[in-house]
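The numbers here are math on the coordinates, done by the rules we state, and not lab data. All values reported here derive from a predicted model rather than from experimental measurement. Every residue, glycine as well, gets a Cβ built from its backbone with ideal geometry; the counts of neighbours run over all protein chains shown.
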Amino acid sequence: MTAAPERIADYEVVETLVRPGAETYLLARPPQRLGLRSDLVTIKIVDGRHDQEAFRRVSEELRLFAAVTSPYLVKLYDAGSDDGRVWFSMDHYPIGSLAEPARFLTLQQRTSAVANAARGAHALHEAGIAHRDIRPANILLAEDHAVLADLELARFLLPGRTVTGSAPVADLEYTDPALIRGEPASRASDIWSLGLTLHRVLAQAPGYPGLAHQAGPLPMIRRMLAAGPEISSRIDPEVAAVIRACVAPDPSDRPATALALAELIEAL
């Protein structure tokens, strides 16, 4: 267990959680002022941003998220800046994420979790928000459902109104090449990410074989722009057809909404 500071603002930190990627997550006891029934919450430290602009963006993210109601979105509670660290608190999910679940998940459980995330994405889209960072690590697991989390990269669907920067190189696999070309985030780009997420959690293999072994971001981007992802032969043909629809080069050929995608996945 990694050592953790004793407190973040008025939260009592219990431990540092180990999760995929470079982000820092803390398990903490929430202050009474929040009036929560839960004894524990997760705090995310916003990596590499330590100024007022970072805090403004996190606060804006919370305001955006608070306007969206869905059982398939993680609950965000609070944000602040403490000793140079910008953070926000949210529900704690001890089962972990689809990227690193704390216990074995059946194919049906993994498939259902992606469908739940698609329903969460649809709720965001209906509020005019694109998530931009849908991937297995951002789908958290409860006992009977899953939620879409981590809106650090969320953006308005309206051009020119952004919340944060672009996705990290490690997560390029789930990024619609249209975003790499500079096109705005949209329902269609999140549907692409959901399709690649479904592929990864069912095939246990990347959609771009060998992509992770490239020397840097430019070879990775060239590979992604040159050809689409490859669907693993391990995946059932009916599921593969849904994934292919999600990553169709023409966005108009993809499922029209994330809700429609969720229903396609659930029908499987």
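With the crude spin-label approximation of a point 7 Å out along Cα→Cβ, what separation in nm comes out for residue 69 versus residue 143?
2.4 nm
Under 5 Å between amide hydrogens, which residues at least 5 positions from residue 98 or on another chain qualify, with H placed 1.01 Å from N in the peptide plane?
Here the answer is 139, since their amide H atoms fall under 5 Å of that of residue 98.
How large is ³J(HN,Hα), in whole Hz, for each residue of the stretch 200-208 in order, when computed from phi with the Karplus curve 6.51 cos²θ - 1.76 cosθ + 1.60 and θ = phi - 60°, using x for Gly and Pro?
4, 6, 8, 7, 6, 8, x, x, 10
Along the Cα→Cβ direction, 7 angstrom out, place labels at residue 222 and residue 106. What is the inter-label distance in nm?
4.6 nm
Report the full-extension gain for the segment residue 13 to residue 236: residue separation times 0.36 nm, less the Cα-Cα distance, to one decimal in nm.
Contour length minus the Cα-Cα distance gives 75.9 nm.
Under a crude label model (7 Å from the Cα following the beta-carbon direction), how far is residue 29 from residue 263 in nanometres?
In this crude label model, residue 29 to residue 263 measures out at 4.7 nm.
Rounded if a/c is under 1.5, else prolate if a/b beats b/c, else oblate: with a ≥ b ≥ c from the C-alpha gyration tensor eigenvalues square-rooted, which is the stretch 95-135?
Cα axes put the stretch 95-135 in the prolate bin.
If you take the square roots of the eigenvalues of the alpha-carbon gyration tensor of the stretch 60-105 and sort them as a ≥ b ≥ c, do you get rounded (a/c under 1.5), prolate (a/b over b/c) or oblate?
oblate
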